[in-house]
Amino acid sequence: MLLHLSDLHFGTEKPECLMAIQQFCRDHPIEAIAVSGDLTQRARFLQFLSCKYFLERLNLPYLVVPGNHDIPLYHVFNRVFSPFARYQAFFGALEGVLETEHFYLLGVNSIRRRHHTKGHISLAQIQEIDARLRSAPAHKLKIVVVHQPFYTSPEDGHAVKDCPVLGRMALEIWGQQGLFGLLHGHLHQTAYYDLNRIYQLGLDHPVFEIHAGTATSHRLRKGQPNSFNVVTTQGGLQHYVFDVQSREFIRQPS
């Protein structure tokens, strides 16, 4: 199982959700964890420290990517000259690779200092991920982890403006290398889409667009509860929401 967390927003975290995730990891055969950005609320030292401590205590391999909240907002000098300094001090590379028995995870940094919320990917990033997917073991689920979504439904309104401009081009190229799907956050809403069908990519397999809600923050949107996703080793998708009364994450019907 791959545990997909997002939008932890340390600095606004709910301790009961943190404890419930720890218990979930003890009770389930989690192979790895992917965190699709917004680890912190304001990219502060103590917020990164708390997030790092939480992830390390889960005692599982994990891959993280930055979100738009993980670079300074109000400290203009730091945003311009060293936007990722604190992130890298705690988590190292902005675009990591994590390979496990069943999963091949690639992190993509979609955050740019000149944008507040909009995602961005470059031609160089598309080519680099393409090369890595080509060399990935064919029998493993190939997954890209990136903060901003590559697709939003018409009902999401203005959220479409945050999708990377080159997202469809990336999908056309990566999909040829057997990409299983993409893990996103950013919108604090859960959603699943088949981008092969939506964008008519002409592939012989689906490419899943998997959005996660906020796993641990009280910054909830549209009445959605805290939640996370699970990808099974066979490629199944599961959704869990936090139940306030039992103080645990409960799997929702498919």
Checklist outcome for this item: Across (1) in a loop (DSSP other than H, G, I, E, B); (2) in contact with a His (Cβ under 7 Å, 6 or more places away or on another chain), P83 clears everything bar (2)
Item to check | Qualifying positions in segment 130-162 - surrounded by 15 or more Cβ atoms within 10 Å (Cβ to Cβ), more than 18 Å from H184 (Cβ to Cβ) and out of contact with any helix residue (DSSP H, G or I) (no Cβ under 7 Å at 6 or more places or on another chain) | outcome: R132, A136, K140
Item to check | Cβ-Cβ under 8 Å pairs, at least 6 apart or on other chains, segment 105-125 side closer than 18 Å to Q41 by Cα and in contact (Cβ under 8 Å) with a residue 24 or more places away in the chain, far side hydroxyl-bearing (S, T, Y) and in a loop (DSSP other than H, G, I, E, B) | outcome: G119/S110
Checklist entry - Is at least one residue of segment 4-13 without any contact (Cβ under 8 Å) to a residue 12 or more places away in the chain, under 23 Å from R247 (Cβ atoms) and not aliphatic (A, V, I, L, M)? => result no
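Among L49, L55, L98, L18, which is among the hydrophobic types (A, V, I, L, M, F, W, C), under 21 Å from H184 (Cβ atoms), surrounded by 14 or more Cβ atoms within 10 Å (Cβ to Cβ) and touching a residue at least 24 places away in the same chain (Cβ under 8 Å)? Walk me through it before giving the result.
Numbers: L49 fails: under 21 Å from H184 (Cβ atoms); L55 fails: touching a residue at least 24 places away in the same chain (Cβ under 8 Å); L18 fails: under 21 Å from H184 (Cβ atoms).
None of the others qualify; the one that does is L98.
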Checklist entry - Hey, any hits in segment 59-74 for a residue that's at pLDDT below 95, of a type outside the set (K, R) and surrounded by fewer than 16 Cβ atoms within 10 Å (Cβ to Cβ)? => result yes
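The values are calculated or read from the model by the stated rules, or taken from the named source; none is laboratory data. All values reported here derive from a predicted model rather than from experimental measurement. When we count neighbours, we look across all protein chains shown, and the Cβ atoms used for this are built from the backbone with ideal geometry, even at glycine.
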